[in-house]
Structures are given as structure tokens and as C-alpha cells.
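Just below is one structure, and these are the notes that go with it.
What follows draws every value from the coordinates through simple rules; no lab data is involved. These numbers were taken from a predicted model, which means no experiment stands behind them. Cβ coordinates were reconstructed from backbone atoms using ideal geometry, including for glycine residues, and neighbour counts include every protein chain displayed.
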Amino acid sequence: MWDVIIAERVALTDLLASLSPDEWEHPSLCADWTVHDVAAHMTLQQVSLAGLFGILRQWQGSIDRTNHHVAKRLAASKPPERIVAELRATANNRRGSTGVSRLETLTDLLVHTQDIARPLGRTHDMPPAAAALAATRVLTMRWPPPLPATRKVAGFRLVATDTDWSYGGGPEVRGPISALLLVCTGRRIAAPELSGEGATQLVARIG
């Protein structure tokens, strides 16, 4: 898994290094986050215990609000070239953040790279096997707390069309595993890639 994580870190860094100043300030798929904000957030992929305590001291009442607050502050203090340099310098480290597993590190990379790339019209293909691991983790994790979007996919049978993966029961929703992972993490942009008897209902539920 670390080989995949390192490859995805390098790919993300190369993508960020290719962006224009306007693209850095473009809205990402994360509500009220620019590409710059998401990129700054990715510098926390290897946060230490001391760094984690520093983040918790900025607690805003929920994980989502705290992540948003910290990302905005980091983006304000770190210009694009510094973020790219930090990510490139740490890409080969086989470590994640304190308190999370390699699966969270992998999922964060796969999803946030799409948060940056897709709104800019850039393409970065997810490794299907890695995306399948991430999707299973997103749908089964209890800590960190499960994402709200996972409740919306409950009651559907999700079936990947490009790798051997399925999950759940109910009306079938088919699509590339990358699209299913994005839907499971609340990204509606992947909706056009879905098909099956449950697709329309699931897309409406995501909203």
C-alpha cells in the first residue's frame, strides 16, 4: 500500500506544480475550499502527535469545521511554491498522520486529488485496486467517525465495473470504482458515471 501512496503523492505534487496562479485559487470540489486550501490540507498527511495537538487547540466544534479552519489558515501562510516543496520533500516517507491508518492516508490522497483535478478539467486516473480498498474503508470505518455521505448510500448495492468489488444490498448502482468512491465521500460530480436501477434514486439522495 505504501508504494501506491507514494506514487499518488508524487502525482499530486506534479499536478500542483503544473497549476497556474488562477488555478490555485479556483474552487475545489470541497464546499468553500479553493484548490489552494485543499493543497494546504494535504501537507498534514504526516502530522506528528505534537502537530495533532496543535490542530486540536484550534477546535471549531466538529472535525469538518476544524479541518476547514486549519486548511484556510495554512493556505494563508503557505504560498503554492512552499506547499509543492513540502509535498515533494515528504512524498517518499512511509508514514501517515498520528491516529489514522494507511487506509485513511490512501483515501485522503485519492479523493482530494480529484477534488483538485476535476474542477480544473484535469484528469488523474485512480488505481482501481487502491480505490476499492478506500471505498471499503469509507463504508465500514467507525473511527475516524464515518462520513455523512455513507448514510446516503445505505440501502443500495454498489458494483464496480472496472474491478472486482461490490458492497451493500438493494437497488443496484454500477460505475467505475473511482466514481463510486467519490459518491461514497459525497462528491456528486461522479453521478453521470453511474448506471443501474438505483442510480437515479442515489443521485437524488446525494443532492
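Overview of results
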| quantity | calculated |
| --- | --- |
| The stretch 7-66: chymotrypsin sites (Phe, Trp or Tyr not before Pro) in DSSP coil with no more than 12 other Cβ atoms inside 10 Å | TRP59 |
| Counting DSSP beta bridges with both ends in the chain, the antiparallel % (nearest 5) | 50 percent |
| Principal-axis tilt of helix 2-17 within the chain, Cα atoms, nearest 10 degrees | 70 degrees |
| Projected label distance in nm at ALA17 and PHE53, using a 7 Å step from Cα toward the beta-carbon | 3.6 nm |
| Net charge, ASP14 excluded, C-beta distance under 12 Å - Lys, Arg +1, Asp, Glu -1 | +2 |
| Relative contact order (percent, whole number), the stretch 128-206, Cα cutoff 8 Å, 6+ residue spacing | 29 percent |
| Whole-number percent relative contact order across the chain, with pairs defined as alpha carbons under 8 Å at least 6 apart | 18 percent |
| The chain: calculated mean residue ellipticity at 222 nm from DSSP helix runs of at least 4, using -39500 (n - 2.57) | -16000 deg cm²/dmol |
| Potential lengthening between ARG94 and ASP3 on full extension [0.36 nm per residue; Cα-Cα distance subtracted] | 31.9 nm |
| Sorted by Cβ density within 10 Å, fewest first, the residues GLU86, GLU197 | GLU197, GLU86 |
| Principal-axis tilt of helix 128-140 within the chain, Cα atoms, nearest 10 degrees | 80 degrees |
